[in-house]
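Taking it in order: structure first as structure tokens, then the write-up.
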Amino acid sequence: MSKDFLKCILSFICFVCGLVLTLLFSFHFNATNPSCIIALCLGLVLAAIGVFGFILHYKNLMIIENMKKNKLPILARWSYKPSDFSLVKDKILEDCYVDLSLIVLIGVFCLILAIGLIFPIATDSIGLSILIIISTVILCSLCSILVYFYHVSKLEKYTTALINYHYIYFNNELYSIYRSCYMLEEIEITTGVQNYLRFVYGAPGTPYGPFQIIDIPIPPSELATAYQIKEHYLSLIS
């Protein structure tokens, strides 16, 4: 399962939560309670993030499917087991901890809002707060379990890195010469006991970075192909 597929699911959950939150506080709106205003704004923001996130990741998902089905030209198709490569294993565990931390932070924020609704004390506010607290705990628990098992299952399953003329599908994620607000600025090949094709993303023209590095394991027989890929991508960013 690609990370974009997981993010499509999480975007849908985000949209549903935002929609429910918006509807709840539209019917129980209290202009004198700051928590109501914040919760209503949060609901609208979550719904908007869910919609835009789903559209973006669904587009990436279609590109990944086209690469897997050879509908796009492929420069390299390398299979590997993540747990056999230290750099890949460390990156997967790091991503897992980051994703879990974000879920916890969102959950804590929702709980603080729910507790804030109790003041001033009102029967309907208390009931709404309890509903939000229960929903937050259930949804955050489900998301945490989903994210945890998603990352852990990646370690022991053989997967494939696909490299196209413009896209890189690695570690179940899609990359191009741009990654979020960063740009590909260097491509390196490290050789040794384990060979890696390294893509370095940063902010060209600034002294900051690198902001993201991906290390793709190179099969021993594919070292020449790796150098060809390096030259191709260097030509794209030069």
Exercise for the section: Restricting attention to region 129-188, report how many residues are over 18 Å from the mean Cα position of the chain (by Cα) and aromatic (Phe, Trp, Tyr). Expected result: 2
Problem - Set Ser238, Ser180, Ser141: member being open to solvent by 50 Å² or more (accessible area, probe 1.4 Å), small (Gly, Ala, Ser) and over 30 Å from Ile9 (Cα atoms) - result: Ser238
Problem - Residue list for region 214-238, filter: among the small types (Gly, Ala, Ser) and not in a helix (DSSP H, G or I) - result: Ser238
Completion exercise
Scanning region 79-104 for residues that are of a type in the set (Phe, Trp, Tyr) and in contact with a Phe, Trp or Tyr (Cβ under 9 Å, 6 or more places away or on another chain), the one nearest to Asn195 (Cα to Cα) turns out to be Phe85
Practice task
Under 9 Å between Cβ atoms, at least 6 apart or on separate chains: pull out the pairs that start in region 93-112 with a residue that is closer than 16 Å to Ala39 by Cα and end on any residue that is surrounded by fewer than 17 Cβ atoms within 10 Å (Cβ to Cβ) and not β-branched (Val, Ile, Thr).
Solution key: Gly107/Ser141; Gly107/Ser144; Cys110/Ser135
Practice task
Would you check which residues across region 199-235 are open to solvent by 60 Å² or more (accessible area, probe 1.4 Å) and among the charged types (D, E, K, R) and list them?
Solution key: Glu231
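Residues are listed down the side, and each one gets a yes or a no for (1) modelled with pLDDT under 85; (2) of a type outside the set (A, V, I, L, M, F, W, C):
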position: Val137; (1), (2): no, no
position: Val200; (1), (2): no, no
position: Thr206; (1), (2): yes, yes
position: Ser235; (1), (2): no, yes
Practice task
Name every residue in region 1-23 that is in a loop (DSSP other than H, G, I, E, B) and either modelled with pLDDT of 85 or more or of a type in the set (A, V, I, L, M, F, W, C) (or both), in order of residue number.
Solution key: Met1
Exercise for the section: Could you check, for region 149-171, whether at least one of its residues is touching a residue at least 12 places away in the same chain (Cβ under 8 Å), open to solvent by less than 80 Å² (accessible area, probe 1.4 Å), part of a helix (DSSP H, G or I) and aliphatic (A, V, I, L, M)? Expected result: yes
Handout entry: Extreme residue, farthest from Val98 (Cα to Cα), among residues of region 189-213 that are in contact (Cβ under 8 Å) with a residue 40 or more places away in the chain and assigned to a strand (DSSP E or B)
Key = Ile189
Problem - Scope region 70-115; condition touching a Ser or Thr at 6+ places or on another chain (Cβ under 7 Å), surrounded by 14 or more Cβ atoms within 10 Å (Cβ to Cβ) and assigned to a helix (DSSP H, G or I); matching residues - result: Pro82, Lys89, Leu100, Ile103, Gly107, Cys110, Leu111, Leu113, Ala114
Practice task
Give Lys71, Lys59, Lys81, Lys89 a once-over and let me know the one that is within 18 Å of the chain's Cα centre (by Cα) and more than 23 Å from Phe15 (Cα to Cα).
Solution key: Lys89
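The values are calculated or read from the model by the stated rules, or taken from the named source; none is laboratory data. The structure presented is a predicted model; accordingly, all values stated were derived computationally and were not measured. As a convention, Cβ positions derive from the backbone with ideal geometry for all residues, glycine included, and neighbour counts pool all protein chains shown. For accessibility, only protein heavy atoms count, side chains too; no ligands or nucleic acids. Shrake-Rupley method; radii C 1.70, N 1.55, O 1.52, S 1.80 Å.
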